[in-house]
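This report refers to the structure that appears directly beneath it.
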Amino acid sequence: MDDLIEDDGPGNAPEFTVSELSGAVKRTVEGAFSHVRVRGEVGRLSRPRSGHIYLDLKDDRSVLAAVIWKGVSGRLATQPEEGMEVIATGRLTTFPGQSKYQMVIEDIRPAGVGALMAMLEKRRAVLQAEGLFAEGRKRPLPFLPEVIGVITSPSGAVIRDILHRLRDRFPRRVLIWPVAVQGEKCAPEVTNAIKGFNAIQPGGPIPRPDLLIVARGGGSLEDLWGFNDEGVVRAAAASDIPLISAVGHETDTTLIDFASDKRAPTPSAAAEMAVPVRLDMLAWVVAQDAALSRAVGQAVSTRKQRLGDLSRALPRPDALLDTPRQRLDRAADRLAPALRAATQNRRLVSDRLAGRLSPALSRALAVKRLAYERPAAALTPARLRRVVADGKIRVQALGQRLDPARLTARVVQSRQRFEEVSQRFSRVACNGLDVRRTQLESLDRLRQTLGYTATLKRGYAVIRSDDLVITTQASAAAARALEIEFADGKLAVTPIGASAPKPSPKRRATPEDDPEQGSLL
């Protein structure tokens, strides 16, 4: 017995190398846990340049290392974020380089709507703190945009509703940027579309939109999750072009609604916000024309009435001349006796002064007296009557110039000139409105003529392959699938001899294929 105890030999236990033992453990773990679902909180998440995602799944007592390969991460509907509670589906494996085990995740989803709402509220609070949702930064929408950019799926009913609504209200030029409206491609494509429209330079071959509409129909929270992406929200807030958000129905709310300049409850409502009703504008122009005509007519009538009132308040020309005529007659009657009395008085004064003067002065005074008496002798009553008669003739001539008939004729002439000016003003205003209405209708006909939809109605068609227009026979022969657009719809065809590409065999990734995973584990 002592010999057996003291024996240090290997005994019957088999010997393994480290690699053999690691391989056996790997096969055991992968065989027993080839498909598992794990619920936990995401922690210590990293995204190296290789495109893989390394993270930890943890609860209150344990931590499980996990990896999401690059090919799987690009197909995820929801990207994991630190602190999110998720349900991961995949398989367990080991990493022999460090004697660690880990989970290779093939699908990961939030643990219910509550987790999504919590993450959404957290993201909303962060973006709101940065001021992206402030009302002061929102811009007013243009009253009548020339070009409208629509970011939506080109194959859904949303774009047809928007185009139909615009055609009914006020036809405008529309540029469509096709994007995916759900799934993993939704957020980057919508972000690139907003930035792409803003990058268009004015005056270039492609017109720069005056207004953007981001539209999508209703759906669940997961379907609309792409419009809650932080990149989409920041692109909408940084857009220099006013943007209308029309995502989901009226009860659906996404983060792009807070960052946009205007939120529409439905895509059709977004089209109604974008343009006014053309018939309403025409009715408004007609109403303004009628109001202008009424105002001009009322102004002319008011001034005509005031002119008539003022003319009735003027006195008669005869009444104006009666008093001056009487004063003239009385002055003429008093003129001759006054002249004679004044002459007599001056003669008496002269005689008294002459007696006191020398003979020489007397002779000079006599000469002056003769010179003074001659004009006085000429002032006979007959001459005075002639002067008075001449004055009456001049007064009568002035009275004829104040004839009521002449005043009435001048009033009528001024009234006719005023009516002619008013008629010319009305004609010019009406002609201006007619010219603008004709120009508007001509531009509308030109728009319909230049549009390619009118060409489709004449029997033509547009051929596309991978969203590119095919213009040559060689391009059509090289395409794997074609889409032909007619006036009443689209048709998908396959060229003769074309075959769908065969998928390459998919090799399961191992830890040895990714040298960077060891750095984390």
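If you go through segment 289-340 and keep only what is among the charged types (D, E, K, R) and at pLDDT below 85, you end up with Asp309, Arg312, Arg316, Asp318, Asp322, Arg325, Arg327, Asp329, Arg330, Asp333, Arg334, Arg340. Using the structure shown, decide if Pro315 is outside any helix (DSSP H, G or I), over 30 Å from Gly136 (Cβ atoms) and not hydrophobic (A, V, I, L, M, F, W, C). In short, yes. Only residues that are over 30 Å from Ile159 (Cα atoms) and touching a residue at least 24 places away in the same chain (Cβ under 8 Å) were counted across segment 269-296, and they come to 5.
Just checking, does segment 212-235 include any residue being closer than 26 Å to Ser442 by Cβ and not acidic (Asp, Glu)? For segment 212-235, residues closer than 26 Å to Ser442 by Cβ and not acidic (Asp, Glu): absent. None of Ser519, Ser499 is more than 24 Å from Trp177 (Cβ to Cβ), at pLDDT below 85 and part of a helix (DSSP H, G or I) except Ser519. With respect to the conditions (1) over 25 Å from Pro188 (Cα atoms); (2) in the same structural domain as Ala215 (by TED's automatic domain parsing); (3) touching a helix residue (DSSP H, G or I) at 6+ places or on another chain (Cβ under 9 Å), Ser153 falls short on a single one, namely (1). Can you tell me how many residues in segment 53-76 are polar (S, T, N, Q) and modelled with pLDDT of 90 or more? Residues in segment 53-76 being polar (S, T, N, Q) and modelled with pLDDT of 90 or more: 0 in total. Consider Thr323 carefully, then state whether it is in a helix (DSSP H, G or I) and closer than 21 Å to Asp390 by Cβ. In short, yes. Step by step: first the residues of segment 168-205, then only those that are charged (D, E, K, R) and closer than 14 Å to Ser153 by Cα, then the one that is modelled with the lowest pLDDT. Which residue is that? Per the stated criteria, the residue is Lys185.
The values are calculated or read from the model by the stated rules, or taken from the named source; none is laboratory data. Owing to the predicted nature of the structure, the values given are computational and were not obtained by experimental measurement. Don't worry about glycine lacking a Cβ; one is built from the backbone with ideal geometry, like all the others, and counts go over all protein chains shown.
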